[in-house]
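The values are calculated or read from the model by the stated rules, or taken from the named source; none is laboratory data. Just so we're clear, the structure is a prediction, and the values are computed from it rather than from any experiment. Cβ sites come from the backbone with ideal geometry, for glycine too, and all protein chains shown count toward neighbours. The area values use the complete protein model at the heavy-atom level, side chains included, leaving out ligands, DNA and RNA. Shrake-Rupley method; radii C 1.70, N 1.55, O 1.52, S 1.80 Å.
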Number of protein chains: 2
Amino acid sequence: MSSGLEVEATVCATLPPPMKKASLKKLQSSPIRARPVTEEILSDSLKTVLQIERNVVGGGGEMPIDDGDDSRVDPRVKINRGIVLGKNMHESSLEIREPEMDDEVTGEMDAHMAAVLARYRKTLVERTKFHLGYPYNLDFDYGALSQLQRFSINNLGDPFIESNYGVHSRQFEVGVLNWFARLWELEKDEYWGYITNCGTEGNLHGILVGREVLPDGILYASRDSHYSVFKAARMYRMEAVKVDTLISGEIDCTDLQRKLTEGRDKPAILNVNIGTTVKGAVDDLDTILKILKDVGYTEDRFYIHVDGALFGLMMPFVKKAPKVTFKKPIGSVSVSGHKFIGCPMPCGVLITRMKHINALSRNVEYLASRDATIMGSRNGHAPIFLWYTLNRKGYRGFQKEVQHCIRNAHYLNDRLRKVNFGVLLNELSSTVVFERPEDEAFVHKWQLACQGKIAHVIVMPSVTVEKLDLFVEGLIEARKHSFADGNVIVPCIAEEIGHQNCACSLHRYGLLTTPLKNATQIGSHENQLTFK
Amino acid sequence: MSSGLEVEATVCATLPPPMKKASLKKLQSSPIRARPVTEEILSDSLKTVLQIERNVVGGGGEMPIDDGDDSRVDPRVKINRGIVLGKNMHESSLEIREPEMDDEVTGEMDAHMAAVLARYRKTLVERTKFHLGYPYNLDFDYGALSQLQRFSINNLGDPFIESNYGVHSRQFEVGVLNWFARLWELEKDEYWGYITNCGTEGNLHGILVGREVLPDGILYASRDSHYSVFKAARMYRMEAVKVDTLISGEIDCTDLQRKLTEGRDKPAILNVNIGTTVKGAVDDLDTILKILKDVGYTEDRFYIHVDGALFGLMMPFVKKAPKVTFKKPIGSVSVSGHKFIGCPMPCGVLITRMKHINALSRNVEYLASRDATIMGSRNGHAPIFLWYTLNRKGYRGFQKEVQHCIRNAHYLNDRLRKVNFGVLLNELSSTVVFERPEDEAFVHKWQLACQGKIAHVIVMPSVTVEKLDLFVEGLIEARKHSFADGNVIVPCIAEEIGHQNCACSLHRYGLLTTPLKNATQIGSHENQLTFK
């Protein structure tokens, strides 16, 4: 085989030519490259916007206003806003430059990269400072771990099965998993789990286990579930049923009962949300379990995956919260690691029952191994970050931070109400929902996640009262500026947050009118009254 | 909603008690905790092994000898080796400890963690030094990027669609993607891609796109394909056909043609390997395309995903190698970023045709957004690592490193032949396959990936001649020690690597006997002759 090999490998003659210094310099001298990187992208993006309608179906031009985490859109909401054209990223991308022969002498490449990185770092500092819309705790200090960045740490495959690759961090990973299994009350020898790359991987895994346990099961999930839940159904070719939600964002148990009754010939795989993406709503697990029993689903005919992306880790520290525990007949729980805990890169934790994984492994004969993680190679740094923070903060530290978040969320809620903003804050949540600002520059500055007519702030440990004050003042200003004459018209968002939370002239927090019988009857009455 | 909220969050009364310092101290004083971390795990693991048979089906005890990356096992191979019991990781895991009230004063927690990390770092240095079995380039210096570790960088969703979350690195990601699109000859406005978490995600994506483009397509992939390919088929509920391989590990085109002919009523989705996991074999893309044409598959009735995990980035720099290019009718290419390039954490690159993604987006109406990545939140650090190395090394740097790897692979191949080891080195590869050492401690030391009767060394840029010399000397010693009297019996691995590469007494590199007509006729003749 190897005898005839031509050892002298050379660049293939037809290899496309790399970008040369000359063309790079041209790029650099253009105004686009001369200015700081990230800010540039933002302002440039705004120049190249397309006007599209959200609910065009099959038009091929659908793109999200928001990010992947918040792309659930109520099909009834018809809006017309500026959408960032996807491909504009090419304009602001940092092209790879082929090094010149003399780069090592001149140091030009090093200088170029150092300059790019310095500018980039500056924008990261700025962007980190003004951030309220995403559930990421940006307040962490992993300086003690920077010594590990030079290692290629890979926990490939199963956390509990040693690979021959020695540069791993399984001892940290299993320590973290044990902590979570204890938090959710599953014995060491009865659980299996792993540290995932993000909340989506946890959901993909939980739902896959559900499908393997109940191959003809129907997936039930509320409309407010994270989009990865329905993505899973499509990927896995599962029948999926969307269940209505209450205005709070919670699953509508009446609708769930009806749909479970309709589908009772087949087993049920349920996604239960502990903190929905947009409104931070918590589905009522106990009522769901009761419904399953009432409709006639025995425990071998349903599987529950609990999506606790953000709040799965906060709820154990909230007194009135219902309990997420494996003492109830649930199959798996997932939570994100980069959200409440905080981590330089996305990660998550998935805990399930060992018996399900054993069943899964038996099914997958042709793999000839227990291949139970979705990814093969797995980031070995993430477990160390989590291990570090769990040790430093402990139960007591998290408890304090949860208190801080909920207090500050109430502070924001109260402040916004005082200045006539419609606002929703669910009881078990630190997600504050309010009217979507018209001022896109303001939305960008504070990095608000928006959906239809609403936006939200998620109060994380890194959010202080001072930051919230600054935000509210800016928000008031932004609203004023959206009206040419300064006469603010408060938009009606009763349909999204309920009439008792809506500040529009018709509802005024439910004080002016009697409760609406049917939310869909709400018409456009935004122009009836104004206030300053 | 929020009016009745009890702001005073307290730890739930029934929260399971965290581990206290007392019990931790007990743990720490036990011999298991007192010694260095990683080494400990390895030696402890070896104490708790189970004897299982590889081909027990449905026994529930199947676990891999190897790692997730190398778990393809020929069902004909019946072996009986010590398997690491999965759950032993609990014994050596680093438990999370609840901080004491006085920790901030005493500094004990910080001291504890610093000690754990210092020991861990030491073992990482050691394990990085002795490593030959996995295709990871461990030779990188990202010191210039350590300043970015304090930021939560998240490229959530599509790389080309701006999220409102500002702490991202899309400008780096798109720069890297442009580089790869140029390498594989796809125009900027015709490609779509993203930076994945690992090679598996690339394969999962490529095959998913194939299935969405051709919903009733049958997946064809060789037996030597990465296990994630068949995992995808199972996840996605696709019909999958395993195609035989030649001894080199390449797909058997005769068998492929037969199977494509049998299945021609349905479209074909093919996985083509550019460097298989175990033998580094390259499937013959041009012949595969010819077969498709001959059998009657028009271009709208097949989809090819190219799995270039390791070699997809090396092959463009090997003169005789066939070309991976989108000028041929392929649908997607994936490659790992932590392999040839080197990266602290796993990552990869996936490039596909824009038209497929547009079709995908149109299909996924209910998502109301272009949700084309598998993961939602995505590691924003990985693109910067890749961007940094691509800039520093460029085409010329990679070319030199590929030459270095192939030269050193030949060096190892020649040295092993000289000391009577059966050895296989494919023409376009730096993967050297040889007999699996009996000495498990040696396998662990060098972190060899093993499968059945063979093991391999993958020569990466971080592998020097000196390291290979050290390895060969150790291997000779290890072989000697495996035989009580020092009389070495060379095992027959002709079935795995071909008679002309087998050093056993019967084959002696094909010099002693005529070629075998049927590889399965090879009997056990290992005991006929010995040599020292």
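Taking every residue in A:95-103, how many Cβ atoms of other protein chains lie within 10 Å of its Cβ, on average? Spell out each step's value before the answer.
Values: counts 9, 18, 5, 8, 8, 2, 1, 0, 3.
Average per residue, whole number: 6.
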Exercise for the section: Could you work out, residue by residue across B:423-435, how many beta carbons of other chains sit within 10 Å of that residue's beta carbon, and then give the average as an integer? Expected result: 2
Handout entry: Amide H within-cut-off set for A:Ser222, under 5 Å, with H built and near neighbours excluded
Key = A:Val243
Exercise for the section: Could you give me the percent of Cα pairs per 5 Å distance bin for the stretch B:128-200, shortest bin first, beginning at zero and ending with the bin that holds the maximum distance? Expected result: 3, 12, 16, 18, 20, 15, 11, 3, 1
Handout entry: Estimated FRET transfer efficiency when R0 is 41 angstrom, pair B:Ala441-A:Lys355 (beta carbons, to 0.05)
Key = 0.75
Practice task
Over the stretch A:367-486, consider all pairs of different Cα atoms and compute the Kirkwood hydrodynamic radius from their mean reciprocal separation; express it in Å, one decimal.
Solution key: 17.0
Fill in the blank from the handout: homo-copy label distances at A:Asp286 (7 angstrom along Cα-Cβ), nm, one dp, ascending, are 7.1
Practice task
Output, in nm with one decimal and in ascending order, the distances from the B:Asp110 label point to the matching label points of the other copies (7 Å from Cα along Cα-to-Cβ).
Solution key: 3.3
Handout entry: Other-chain or far-sequence residues with amide H under 5 Å of A:Trp192's (modelled H)
Key = A:Thr352, A:Arg353, A:Met354
Exercise for the section: Shielding by partners for B:391-402, please: the mean number of other protein chain Cβ atoms within 10 Å of each residue's Cβ. Expected result: 5
Completion exercise
the stretch B:157-274 -> Rg/Rh from Cα coords, Kirkwood Rh, value 1.05
Fill in the blank from the handout: Once accessible area is computed for B alone, A alone and the pair with a 1.4 Å probe, the total buried surface, to the nearest 100 Å², works out to 17100
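How big is the antiparallel share of DSSP beta bridges in the stretch B:236-385, given as a percent to the nearest 5? Don't skip to the end; give the middle numbers.
Numbers: 7 of 16 bridges.
Bridges in the stretch B:236-385 are about 45 percent antiparallel.
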Handout entry: Extended-chain gain in nm, criterion 0.36 nm per residue less alpha-carbon gap, A:Ile476 and A:Lys293
Key = 60.9 nm
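Please work out how much length the chain gains when fully extended from B:Asp102 to B:Asp485, using 0.36 nm per residue of separation minus the C-alpha to C-alpha distance, in nm with one decimal. Provide the component values of the computation, followed by the final result.
On the way: separation 383, 0.36 × 383 = 137.88 nm, distance 6.15 nm.
Stretched out fully, the B:Asp102 to B:Asp485 stretch lengthens by 131.7 nm.
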Exercise for the section: Pull out a ≥ b ≥ c, the square roots of the eigenvalues of the alpha-carbon gyration tensor of the stretch A:248-371, then state rounded if a/c is under 1.5, prolate if not and a/b is larger than b/c, and oblate in the remaining case. Expected result: oblate
Handout entry: Per-residue HN-Hα couplings for the stretch A:418-424 [Karplus 6.51, -1.76, 1.60; θ = phi - 60°; Hz; x = Gly/Pro]
Key = 4, 10, 6, 9, x, 8, 10
Handout entry: Distance between modelled label sites at B:Ala118 and A:Leu511, nm, 7 Å Cα→Cβ extension
Key = 6.4
Practice task
Please identify every one of the trypsin sites (Lys or Arg not before Pro) in the stretch A:321-353 that sits in a loop by DSSP and has no more than 16 other beta carbons within 10 Å of its own beta carbon.
Solution key: A:Lys323, A:Lys327
Problem - Ascending list, in nanometres, of distances separating the A:Asp485 label from those of the other copies (7 Å, Cα toward Cβ) - result: 10.9
Handout entry: Residues A:Asp244 and A:Lys418, FRET efficiency given R0 of 41 Å [Cβ-Cβ distance, rounded to 0.05]
Key = 0.80
Completion exercise
So the carbon and sulfur contribution to the accessible area of the stretch B:202-248, 1.4 Å probe, in percent, is 54
